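Below: one structure, written as structure tokens.
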Amino acid sequence: MNMLKKIIFEDIGGKIENIGFNEDWTITLEMFPEVNIHLVFTYFGDEFGDGVTAEFKCFFSGERVHLIPGEDSITYVDIIFNFMERMIQNREPFEHSYDKKSELMQKVLIQRTEPFRLLKDSDVNDLAVFLGATVWKTADKWQITKEVFPGISIELTYDTQEKLNISYTGESLSKKVGSYHMEFLGIFLINHILRYITLQNIDKELPDICYIMFSRMFTKEKEWDHIR
């Protein structure tokens, strides 16, 4: 249990608590402000004689959790479980191509660039709060830095040439999170920025990519007809 606590507090940046589901313990992590993930562990022994003695369940909470599509949040949970398993087994990730962008990431950066034109100087503070990140704006560039795990960050830049770029930093990066999973975390960050841009410009006709960043429930509430 001491090893698990160390991994949760120091490596993942989560906390252990009890959220009232009669569980043994719960790991709570913040994906974004007001978007919380709860990994609930319950031990019940071989109660049903099927060899299953315990289970993990996943719950979500927060005022903005309804904005996030299930595929984003569940993929995030999968990354967390993979991270924890490797830390427990003392295994490093296989993928270390942090300076290279996969075809998926290249496509994402191209597809999601246009809405960034709508960011205004007055958005700096609100965007930082929405993302749980540090945001700078200079005459020719936006820079967004979000710590996704203790000591491991994503750096996103958008310049006046309408070019979107991403990189990853952290002394322990190569020992803890593979480049494959860092790309997904980067995509989640870009997706959340597009949600912010959309909510700030709700009265405008936006690129289709903005509307498909949200959960099905939210798009139905807004009666958005855009196809994923």
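Just so you know, all these numbers are worked out from the coordinates, no wet-lab data involved. Since the structure is predicted, the reported quantities are computational estimates derived from the model, not experimental observations. Glycine gets a Cβ as well: all are built from the backbone with ideal geometry, and neighbour counts include every protein chain shown.
Tabulated results
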item: Cβ-placed point charges (K, R +1; D, E -1), dipole of the range 103-213 about Cα centre in debye, nearest 20; result: 220
item: Alpha-carbon gyration tensor eigenvalues x 5, square-rooted, for the range 1-129, Å; result: 33, 20, 15
item: For the range 87-126 and the range 177-218, distance of Cα centres in Å; result: 11
item: Partners for K107 among lysines (Cα-Cα distance below 19 Å; same-chain residues under 8 apart left out); result: K163
item: Order of H38, H192 - criterion: other Cβ atoms within 10 Å of each residue's Cβ, fewest first; result: H38, H192
item: Estimated D of the range 103-213 in µm² per second, where Rh is the Kirkwood radius over Cα pairs and Stokes-Einstein applies at 25 °C, 0.890 mPa s; result: 170
item: FRET efficiency estimate (nearest 0.05) - Cβ-Cβ, E55 to I110, R0 35 angstrom; result: 0.25
item: Total charge dipole magnitude, the chain, about the Cα centre, Cβ charges on Lys, Arg, Asp, Glu only, Debye to nearest 20; result: 520
item: Stretch gain in nm, segment Y180-E103, where the contour uses 0.36 nm per residue and the Cα spacing is subtracted; result: 26.6 nm
item: Within the range 36-145, GluC sites (Glu not before Pro) in DSSP loop having at most 13 other beta-carbon neighbours inside 10 Å; result: E47, E63
item: Residue order, fewest to most surrounding Cβ atoms within 10 angstrom, among L104, L4; result: L104, L4
item: Residue-averaged 222 nm ellipticity for the chain, from DSSP H runs of 4+ at -39500 (n - 2.57), nearest 500; result: -10000 deg cm²/dmol
item: Dipole axis of the chain (+1 Lys, Arg; -1 Asp, Glu on Cβ), positive-most option in M3, I197, T113; result: T113
item: Members of K146/K222; K5/K100; K120/K204 lying beyond 24 Å, as alpha-carbon distances in this model show; result: K146/K222; K5/K100
item: Total formal charge among the other residues, if their Cβ is under 13 angstrom from that of Q106, Lys/Arg +1 and Asp/Glu -1; result: +3
item: Summed side-chain charge close to D121 - residues other than D121 whose Cβ falls under 14 Å, Lys, Arg +1, Asp, Glu -1; result: +1
item: Sparse-neighbourhood loop sites, trypsin sites (Lys or Arg not before Pro) in the range 101-201 - DSSP loop, at most 16 other Cβ within 10 angstrom; result: K120, K163
item: Rg/Rh for the chain, where both radii come from Cα atoms and Rh is the Kirkwood radius; result: 0.99
